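> The structure that follows is given in the form of structure tokens.
Values in this text are rule-based calculations from the coordinates and carry no lab data. Quantities reported herein were computed from a predicted structural model and do not represent experimental measurements. We place every Cβ from the backbone using ideal geometry, glycine too, and count neighbours over all the protein chains shown.
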Amino acid sequence: MASSSFNVVSLIRKKRDGNSLTESEIEQLIDAYTKDLIPDYQMSAFLMAAFLNGMNAGETAALTNSMLNSGIVVDLSHIDGIKVDKHSTGGVGDKTSLILAPIVAACGVPVPMISGRGLGHSGGTLDKLQSIPGFRVDMKLSRYKEIIEKHNLVLAGQTEEIAPADKRLYALRDVTATVEAIPLIASSIMSKKLAEGIDALVLDIKFGSGAFMKDQNDAIRLAETLVQIGEQFGKQTVGWLTSMEQPLGNAVGNWLEVKESIECLRGGGAEDLLEVTHLLAGTMIWLGGKAGTAEEGTELSRQAISNGTAFQKWLDIVEEQGGDSSVILNPETYPDAKFIENITSGQDGYVSGIDTYSIGMAALELGAGRKTKEETTDPQAGLLIHRKTGDYLKKGETIVTLYTNKKEEIPEITENIRQAYTLTESSPDPIDVITHRVDKEGVHEYRPKSL
Ligand code: URA
């Protein structure tokens, strides 16, 4: 509660001068801002001071706690089992949630999943789910509980009631150049995840050209902070560092990614996508108490695909949430975008790098993402990636296929995609898709598996 002795200028000054705030000072600040007792200009000054001087672990935990308690904290304790969710820091072609959520639920672990919309060049699970005709992600809390009780799974959108302080602060950070600060990012992510009713959390922290954290060491620091917060709040938290130096799998764009997920749930799918998905799912299954180790969980995850239980769970949840399961059973009946264009290579060579940020931006420009908060996304728009790092390309071969309803965007995007590919005469080093595991014991290198 903001008390009468609360003096926001002195708190800003304290942070500006490099000192640490107490738990109660942070609580008063967030509480007052949420109640509109502090104007944006003072909060902006505070955020910039925090951005420049950092926040220690105690301050970061206090900020998380204050944002978490600014809204409802869902209680799922009446549901049997250890409730586990996964969060990704965002990437291009990252559809792992769509595949692992039914897998983990089919393995007997309840998954309460609240997802967000796409952010900038990176796609959002919510937009992907909404490309399924009829699929509803907005629901009352009572319905959220009813669905997870029935199916061990619920796929919902962020509501106004979850961490409203983060919603306001995030919007302010966006326009005051204060997004890219690890304590601010970590408290923002964790305040929302901790409000879902979970007992344990798996994190996919992405690094590379298509991630928000370009640098691997920054991603490791973010992972450490996220895991530390999770553990401080009594939730077992395990993070995996995964590469975003190229799109994950082959599809980028909402329906195209749902279609690729269906392929994976039916036993197909690209190797890099399956590698990341099964590891994340396996870790969730282990944290959910249904396997002795993450590796054993990974095996159960693969079995849930081969025995058909994961796909059945997916059909059940699509139907329960109002979606048309006939397009899941027959994805070829989904209407294609009006314009489908193949982009071919202008020369021979090995693909030695893909500027994944540009690929994400190309998908956005084709209609798969938003340039303003208010824009709607086009479910049909996106890209199919035919060639990835290490592949040899001959002149004239197709690199990428574009799907769009915006004909006028095609020439410029074609050029941008060609430029996003670097071709060389010699073959490049393979990409390590998963590089580190971060848990409460520290940072561990992962056995290299190059794809
Ligand atoms: N995602 C979030 O939810 N918050 C951030 O600050 C950055 C990414």
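> Report the percentage of all Cα-Cα pairs in the range 226-318 whose separation exceeds 23 Å, rounded to a whole percent.
In whole percent, the long-distance tail amounts to 33.
> If you find the alpha carbon centre of the range 221-251 and of the range 347-373, how far apart are they in angstrom?
If you average the Cα positions of each part, the centres end up 23 Å apart.
> What ³J(HN,Hα) values, in whole Hz, does the Karplus curve 6.51 cos²θ - 1.76 cosθ + 1.60 give for the range 421-434 when θ = phi - 60°, with x put for Gly and Pro?
For the range 421-434, the Karplus-derived couplings read 8, 9, 10, 10, 6, 9, 6, x, 5, x, 8, 7, 6, 10 Hz, x marking Gly and Pro.
> With no solvent and one point on each alpha carbon, what is the Debye value of log10 I(q)/I(0) for the chain at q = 0.11 Å⁻¹?
-0.87
> With helices defined as uninterrupted DSSP H runs, which ones in the chain have an alpha carbon span along their own long axis of at least 20 Å and mean Kyte-Doolittle hydropathy of at least 0.0?
Within the chain the helices that satisfy the rule are 271-287.
> Note the full-extension length gain between T372 and R16 as 0.36 nm times their separation in residues minus their Cα-Cα distance, in nm to one decimal.
Stretched fully, the T372-R16 segment lengthens by 124.9 nm.
> Taking the Cα centre of the chain as origin and charging only Cβ (+1 Lys, Arg; -1 Asp, Glu), how large is the dipole, in debye to the nearest 20?
Charge dipole, the chain, about its Cα centre: 440 debye, nearest 20.
> Between K440 and Q419, what length in nm is gained on full extension when 0.36 nm per residue of separation is reduced by their alpha carbon distance?
Result for the pair: 3.4 nm of gain on full extension.
> Now a separate question. Just how many % of Cα pairs in the range 275-409 lie over 24 Å apart, if you round to the nearest whole percent?
56
> Here's something else I'd like to know. So which aspartates and glutamates pass the test for K14, namely a Cα distance under 19 Å, with those fewer than 8 places away in the same chain ruled out?
K14 reaches E23, E25, E27, D31, D40, E59.
> G367: net charge of surrounding residues, Cβ under 10 Å, Lys/Arg +1, Asp/Glu -1, itself excluded?
For residues surrounding G367, the net value is -2.
> Take the alpha carbon atoms of the range 275-326, find their center, do the same for the range 101-120, and report the distance between the two centers in whole angstrom.
10
> If you keep only loop residues by DSSP, which GluC sites (Glu not before Pro) in the range 290-393 have at most 14 other Cβ atoms within 10 Å of their Cβ?
Passing sites in the range 290-393 are E374, E375.
> A further question on this structure: List nothing, just return the count: lysine pairs in the range 129-212, 8 or more apart or interchain, with Cα separation under 27 Å.
14
> Please report the net charge: other residues with Cβ closer than 14 Å to the Cβ of E27, K and R +1, D and E -1.
-3
> Counting only helical runs of four or more DSSP H residues, what would the 222 nm mean residue ellipticity of the chain come to if each run contributes -39,500 (n - 2.57) and the total is spread over all its residues?
-13000 deg cm²/dmol
> Then there is this: Among all the lysines, which ones have a C-alpha under 18 Å from K128's C-alpha, if same-chain residues fewer than 8 places away are not counted?
K86, K95, K259, K313, K371, K373
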